[in-house]
1. How high is the FRET efficiency from Ser108 to Asp88, r the C-beta distance, R0 22 Å, rounded to 0.05?
2. Give me log10 I(q)/I(0) at q = 0.07, 0.17 Å⁻¹ for the stretch 5-272, Debye formula, one equal scatterer per alpha-carbon, no solvent.
3. I want to check the label-to-label distance for Asn217 and Asn145. Put each point 7 Å from Cα in the C-beta direction and report it in nm to one decimal.
4. The stretch 64-131 to the stretch 214-264: how many Å between their Cα centroids?
5. If packing is taken as the mean number of other Cβ atoms within 10 Å per residue, what is the order of 159-166, 231-238, 140-147, 57-64, highest first?
6. Among the listed pairs Lys95/Lys253; Lys205/Lys263; Lys44/Lys270; Lys169/Lys231, which are separated by more than 19 Å between their Cα atoms?
7. By count of other Cβ within 10 Å, fewest leading, how are Tyr198, Tyr191, Tyr130 ordered?
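Read-outs throughout are calculated quantities, based only on the coordinates presented, and are distinct from any laboratory measurement. From a predicted model like this one, the values you see are computed outputs, not experimental measurements. As a convention, Cβ positions derive from the backbone with ideal geometry for all residues, glycine included, and neighbour counts pool all protein chains shown.
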Amino acid sequence: MNKVIPVLLGLAIASAGSAFTAAQQSQAPPKVLTLAREFLKPGKAGDIHDRSESRFVAAMAAAKWPTRYVALNSLSGKTRALYLTGYDSFDAWQKDTDATMKNTAFASTLDRIEASDGDLLSDFDQAVLYYEPDQSLRSSGDLTNIRYLEFSVFKIKPGHNKEWDEVVKMVIAAHLKANDSANWGTYSLAYGGSGDEYIFISGDKTLADIDTGFAENKKFVEAMGEDGMKKLGELAAACIDSSDNELFSINPKQSYPVDAWVKGNPDFWKPKAGMAMPKPAAAPAKPAPADKK
């Protein structure tokens with residue numbers, strides 16, 4: 001292992017397949033991406049959580065809600081689920097939120113489901129990401145045949161953005177020269193953290209795509225050259241404070257996907273026979289005054 005491993009893992013070994021985005025009905029990367037993380041209590045993942053989250057999906061479908069989202073389950077790190085929703089702008093996000101609040105019956109249904117789902121969680125947090133096209137490579141918005149998403153998170157040292165920009169430019173140029181299968185969509189952390197953070201998201205059709213990414217690393221190193229690798233290592237050491245790489249699987253049972261993805265791959269995205277989503281729960285009877293909190 002050497003100094004540039006954080007960069008190589010996150011950028012040079014970004015795997016094959018289609019890069020991630022979660023735009024609404026379009027296939028272009030959303031400018032704004034909201035990310036909600038649910039940390040599950042021991043024994044509360046799997047089917048138990050699927051059944052709980054499927055109630056959200058059923059409520060969205062019943063309301064014919066236009067905003068779509070993708071659910072992910074962790075294959076590394078702490079047991080958690082991620083929910084990604086893309087918007088064309090912050091204004092579009094507000095309009096979606098305002099519309100939800102105005103639809104009181106729909107909002108109340110979501111609140112009741114959320115309260116029940118909360119019993120399965122040990123923690124919860126949220127972040128808002130902003131798309132960085134100049135730091136992305138071969139990014140598209142098609143998740144039709146994607147099964148796994150890789151997240152590489154880089155925290156940049158204060159005052160070292162110039163070196164970071166150079167690192168990304170060098171890595172992108174080397175991948176293009178190598179003509180390999182690397183791809184990613186890059187998002188900067190807009191809200192929900194401290195300092196400068198960048199999240200690189202790449203998609204895999206199968207886990208074999210990860211094997212391809214590692215195998216192609218030799219082509220990247222050759223394209224970069226000895227002097228280039230040395231410079232990359234120096235720049236990475238100067239500007240990257242920390243990095244993390246995590247792997248997630250897409251969970252169609254907890255997702256409310258774009259129609260085009262369902263049409264293109266119904267066997268994956270559409271629940272199978274006997275696994276139909278439950279109907280939204282009926283409104284409970286009004287509690288007695290003594291029951292109110």
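1. The computed FRET efficiency comes out at 0.20.
2. Debye output, listed in q order: -0.26, -1.38.
3. Computed distance between label sites Asn217 and Asn145 equals 2.7 nm.
4. Their Cα centres are 25 Å away from one another.
5. Values: 159-166: 14.4, 231-238: 18.1, 140-147: 19.8, 57-64: 16.2.
By packing density, highest mean first, the sequence is 140-147, 231-238, 57-64, 159-166.
6. Details: Lys95/Lys253 26 Å; Lys205/Lys263 17 Å; Lys44/Lys270 24 Å; Lys169/Lys231 12 Å.
Violating the 19 Å limit, Cα to Cα: Lys95/Lys253; Lys44/Lys270.
7. Working: Tyr198 21, Tyr191 10, Tyr130 15.
Final ranking by Cβ density, sparse to dense: Tyr191, Tyr130, Tyr198.
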